[in-house]
Amino acid sequence: MSRAQAFLAALAILATAFFVNLIVGAYNTRVDLTEDRTFTLSSGSVRIIKKLDEPVTLELFVSRSDVKLRPYLESYSRRIETLLREYAAASDGKLKLIITDPKPDTKDEQRAQRFALNPMNTPSGAAYFGLTAQQADTVKSIGFFDPAREKFLEYDLSKLITAAARLEKPKLVIINTLAINNSLPQGGEQQQAGPADVLLSELGQTFEVITLSNQAPELPAGTVVVALIHPHHLSDKLAYAVDQFLLNGGSVFAAVDPLSRFQKFQQGNTPFSLAPMAMGASSDPALLQAWGINVELNVLSGDSQRSVPIRSQRGEPMLYPPAFSVGPEDISKDSALTANFKEISFMEAGEITLVAGAEKRLQTEKLVTLSGPNVGTIDTSLANAVAFDKAAETFKGDGRTRLIGASFTGTFPTAFPQGAPAEKANAENKSAATKDKNLKPHLNTSAKPGRLIVFADSDFLLDPFTVRQRQANGQIVAEEINDNLKLVLNIMETLGGADELVTIRSKGTSLRPFKVVDQMQRSAQKRYQAQLDKIEKSLEETQAKLTEISQRSGADLSKGLVITPEMQKEIERFQKRAEELAEERRVTRRGLSEDVNSLGRRLQILNLLIGPAIAGLFGLLYALYRRRKSA
């Protein structure tokens, strides 16, 4: 083949590659090879987009010119922009994406401030990295994208779109005796931190959250979900309202506790381990039992090998079997509520069973169980009366599997077979109420399919058991310590009808651990740790000898005072030994990362050579093809 022909062939290959790239780009075709389809929109997100009645405008505010984000945030912003373009492409024109760089002292920055986006201080000025979603006059926003929430990125974006498109939030009513309250204090009093402020804040993004005491007379009109958290001595009127709500097809979540540790804390205002015996520490199970579900309140479930450390009466960490965590083996993989969770923790949970005969009319979906050879119980009354360490000594193992959380559907009977509780009003008021056209008829069994989700613990959803709070950039940040918070949010959103969001919440992250590198580091640590310990010990002994010589001479070496020649020689000998040990320690520490650095160098070389190698291979194949054709 002549040079001209070779040149034309190369030109043809380049032209073909160019046009293939154009065609592929026009169709926005890409392949997502990540393990859990991180870069692909889930079916839930697609359904949310398809349900939009009116267009929604997404505006990503990201500082990229006059003020720049930190490099890792800039990289994260490109990831978010790519995902937002996927949303827009799948929306058939219902989503419009705008990228805005809010430069300092411009109208764009004023708009970012008006939408309550949170600026990040940099040497060049305020940097922004947030998103707004607007439909008509409704504007919702994500103030700042935290890379720590990357695994929930698609969930956050879809939830924002849902919130912007929703005319009003569904009502979630929380009935409790644990001081969970979102109402503002009266008379100018300062609002005190509550036991579930983080939970209420997260729920408030999806629901209109209304908190009621156990003596409230009725449920608010338009209630969509009822949450009974440690229900205790509900008023007859309120219990009847909840009962009829479920039988009319409503959704109810119940966290029933044999021993509410937070209730004990409230009554004693002392650390959990020192809280006095609390008479109201057990939930009232009357409603659940009438519906066909029993929660064992006389004993606490526990596991002697999976207990999590808690503080003893002496302030030292100890293992208390009823404070335990369950892993994937005890978390249902068949339920969208729990499928991808890794750890759920409980504090003195009970056990869920069905009342005799209820299995004929109720379907049970197990969500969380406690199983294994080390499972057992502690008597509730004893745990309520003594400190953790004393109660732990009475733990009795039996190895029997216990149901901790479950979902129930089917036909529920009423807890009020005689009808509504008697009114204390006079006969004239009763007659008027009877004639009220809006009064719903009493139901003895379910008129519509309802759903009841029960957990045999209430402490597990409170902030002290779900998040760790810390300060970051002048703000309080809540870090999740387990999957408890996500579980509760999944439950509420499912009961509230937002099934699409549940399918999104547990998506993965684009960050992947370097498992080979981690294994190398662990192996190196094992190899060198003993040697490092020996060197450190020798260094400490050498420094101690130097200090001893200084004290023996009565001199301060740092001031250069005169000492005897013998002492000077001894000091120089130990100083030389200290320098040798320090150098040995430096070399050993370098060995810790040598294998990783060597792997990095090999990968760099491979990355440099692989391109030319592929090109050479294609050239060789083409030459062989031409030779065979000419032959």
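The values are calculated or read from the model by the stated rules, or taken from the named source; none is laboratory data. Bear in mind that the values here come from a model prediction, so they are computed numbers and not experimental data. Counting neighbours? That spans all protein chains shown, and the Cβs are built from the backbone with ideal geometry, glycine included. Surface areas here come from the heavy atoms of the whole protein model, side chains and all, with no ligands, DNA or RNA. Shrake-Rupley method; radii C 1.70, N 1.55, O 1.52, S 1.80 Å.
Brief remarks on what is shown
- Close Cβ contacts (under 6 Å, 6 or more residues apart or on different chains) running from residues in the range 381-402 that are within 13 Å of R261 (Cα to Cα) to residues that are open to solvent by 40 Å² or more (accessible area, probe 1.4 Å) comprise N384/M277; A385/M277; A387/Q313.
- The strands (runs of 3 or more DSSP E) found wholly in the range 398-509 and carrying at least 2 residues that are at pLDDT below 85 occupy 467-472, 475-480.
- In the set L69, L60, L84, only one residue is within 28 Å of the chain's Cα centre (by Cα), surrounded by 16 or more Cβ atoms within 10 Å (Cβ to Cβ) and in a loop (DSSP other than H, G, I, E, B); that residue is L69.
Conditions tested, residue by residue: (1) basic (K, R); (2) part of a strand (DSSP E or B); (3) under 23 Å from Q263 (Cα atoms).
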{"position": "L300", "(1), (2), (3)": "no, yes, yes"}
{"position": "Y320", "(1), (2), (3)": "no, yes, yes"}
{"position": "A323", "(1), (2), (3)": "no, yes, yes"}
{"position": "K333", "(1), (2), (3)": "yes, no, no"}
{"position": "L337", "(1), (2), (3)": "no, no, no"}
{"position": "N340", "(1), (2), (3)": "no, no, no"}
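- Scope the range 164-180; condition more than 30 Å from P231 (Cα to Cα) and in contact (Cβ under 8 Å) with a residue 40 or more places away in the chain; matching residues: A164, A165
- The range 134-158, residues that are open to solvent by 20 Å² or more (accessible area, probe 1.4 Å) and closer than 15 Å to L73 by Cβ: I142, F144, D146, P147, A148, R149
- Exclusive hit being modelled with pLDDT of 95 or more, open to solvent by less than 40 Å² (accessible area, probe 1.4 Å) and under 24 Å from the mean Cα position of the chain (by Cα), set L131, L95: L131
- For the range 114-126, the criterion of being open to solvent by less than 70 Å² (accessible area, probe 1.4 Å), among the basic types (K, R) and out of contact with any Phe, Trp or Tyr (no Cβ under 8 Å at 6 or more places or on another chain) is met by none of the residues.
- Residues of the range 133-145 classified as over 18 Å from K94 (Cα atoms) and touching a residue at least 40 places away in the same chain (Cβ under 8 Å), total: 1
- Pairing residues of the range 286-311 that are within 22 Å of V454 (Cβ to Cβ) with residues that are among the charged types (D, E, K, R) and open to solvent by 20 Å² or more (accessible area, probe 1.4 Å), at Cβ distances under 8 Å and at least 6 apart in sequence or on separate chains, gives G292/R361; V295/E351; E296/E351; N298/D379; V299/E351; V299/D379; L300/D379; S301/E351.
- Test: residue in the range 178-200 that is outside any loop (DSSP other than H, G, I, E, B), at pLDDT 85 or above and more than 24 Å from the chain's Cα centre (by Cα): no
- Annotation: of all residues in the range 223-279 being open to solvent by less than 10 Å² (accessible area, probe 1.4 Å) and modelled with pLDDT under 80, the one that is farthest from G315 (Cα to Cα) is A278.
- Criterion violated by A349 - all others in (1) at pLDDT 95 or above; (2) open to solvent by 20 Å² or more (accessible area, probe 1.4 Å); (3) in a loop (DSSP other than H, G, I, E, B) satisfied: (2)
- Number of positions in the range 352-377 that are closer than 23 Å to T394 by Cβ and surrounded by fewer than 14 Cβ atoms within 10 Å (Cβ to Cβ): 1
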